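One structure below.
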Amino acid sequence: MRYHNITKDDMLNGCGLRVVLWVSGCGHKCVGCQNPITWNPDDGLIFDDNAQNEIFYELQKDYIDGVTLSGGDPLFPDNRKAVGKFIREVKSKYPFKTIWLYTGYLWENINTIDFIPFIDVIVDGKFIEKFKDNSLHWKGSSNQRVIDVKKSLKKAEVVLFGIS
């Protein structure tokens, strides 16, 4: 897996103060995407132990609520194995930190991926420019959903984050 950036002390990509991993690779190619530079899976830096340790160092801080994976698309097929391994390691090492993941895929098509239960919140759906709304919380277009993964898996239906 490759990545473009690691953002520290981020307040825009999930609840609380977060570290964000911007992965390379996306096949959706949404019109109006804010990160088209991340589409090519061969661009960026190799996600190695140094990059992972940089994120782990940030997650050790009490004031960091968790990690967010964005991109690109962390669920781009070429990323899934490495993303799954990383997510499992984060949950094992930092069980009280939250994991958020942004993807253009719909929940209905990804909820059976083996590492999904380790994620706390998924923002799903392609960015659609005609539904763009800068006032939306944690998403770019109104068709996207901010999904509470644990509750959705338990109820076997989509449960939006922050809504019981």
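Just a few scattered comments:
- Among the chymotrypsin sites (Phe, Trp or Tyr not before Pro) in the range 120-155, none is located in a DSSP loop while being surrounded by at most 16 other Cβ atoms within 10 Å of its own Cβ.
- Mean ellipticity per residue at 222 nm, deg cm²/dmol - from DSSP H runs of n ≥ 4 across the chain, formula -39500 (n - 2.57): -6000 deg cm²/dmol
- Overall Cα dimensions of the range 85-159 - principal axes, largest extent first, Å: 40, 23, 18
- For the peptides 67-74, 112-119, the ranking by mean Cβ contacts within 10 Å, running from highest to lowest, is 67-74, 112-119.
- Beta bridge orientation in the range 62-164: antiparallel %, DSSP, nearest 5: 45
- The relative contact order of the range 1-127, computed from alpha carbon pairs under 8 Å that lie at least 6 residues apart in sequence, is 26 percent.
- Reach of Lys130 by Cα under 15 Å, taken over aspartates and glutamates that are not fewer than 8 positions away in the same chain: none
- Cut-off under 5 Å, modelled amide H: who pairs with Arg145 long-range: Asp124
- Extent of the chain along its three principal axes (Cα atoms, max minus min coordinate, largest first): 39, 35, 29 Å.
- Ordering of 34-42, 16-24 by packing is 16-24, 34-42, highest average first (other Cβ atoms within 10 Å, averaged per residue).
- Surface exposure of the range 1-134, expressed per residue as accessible area with a 1.4 Å probe, stands at 50 Å².
- Dipole magnitude of the range 83-164, debye to nearest 20 (Cβ charges: Lys/Arg +1, Asp/Glu -1, about Cα centre): 220
- Rolling a 1.4 Å probe over the protein heavy atoms of the chain, with every protein chain left in place, gives an accessible area that is 53 percent carbon and sulfur.
- Pairs over the 22 Å Cα-Cα cut-off, from the set Lys91/Lys154; Lys85/Lys150; Lys132/Lys155: Lys132/Lys155.
- Among the trypsin sites (Lys or Arg not before Pro) within the range 19-84, those in coil by DSSP and having at most 14 neighbouring Cβ atoms inside 10 Å are Lys29, Lys61.
- Normalised by the number of residues in the range 65-164, the average gap of Cα pairs under 8 Å and 6 or more apart makes the relative contact order 21 percent.
- Computed from phi, the 3J(HN,Hα) profile of the range 132-147 under the Karplus parametrisation 6.51, -1.76, 1.60 (θ = phi - 60°) reads 4, 8, 5, 8, 6, 8, 6, 8, x, 9, 5, 6, 6, 10, 9, 9 Hz, with x in place of Gly and Pro.
- Dipole magnitude of the chain about its Cα centre (Cβ charges: Lys, Arg +1; Asp, Glu -1), debye to nearest 20: 440
The values are calculated or read from the model by the stated rules, or taken from the named source; none is laboratory data. Just so it is clear, the structure is predicted and the values come from calculations on it, not from any experiment. All Cβ positions, glycine included, derive from the backbone under ideal geometry; neighbour counts span all protein chains shown. The protein model used for the area step is the full one, side chains on, heavy atoms only, and it has no ligands, DNA or RNA in it. Shrake-Rupley method; radii C 1.70, N 1.55, O 1.52, S 1.80 Å.
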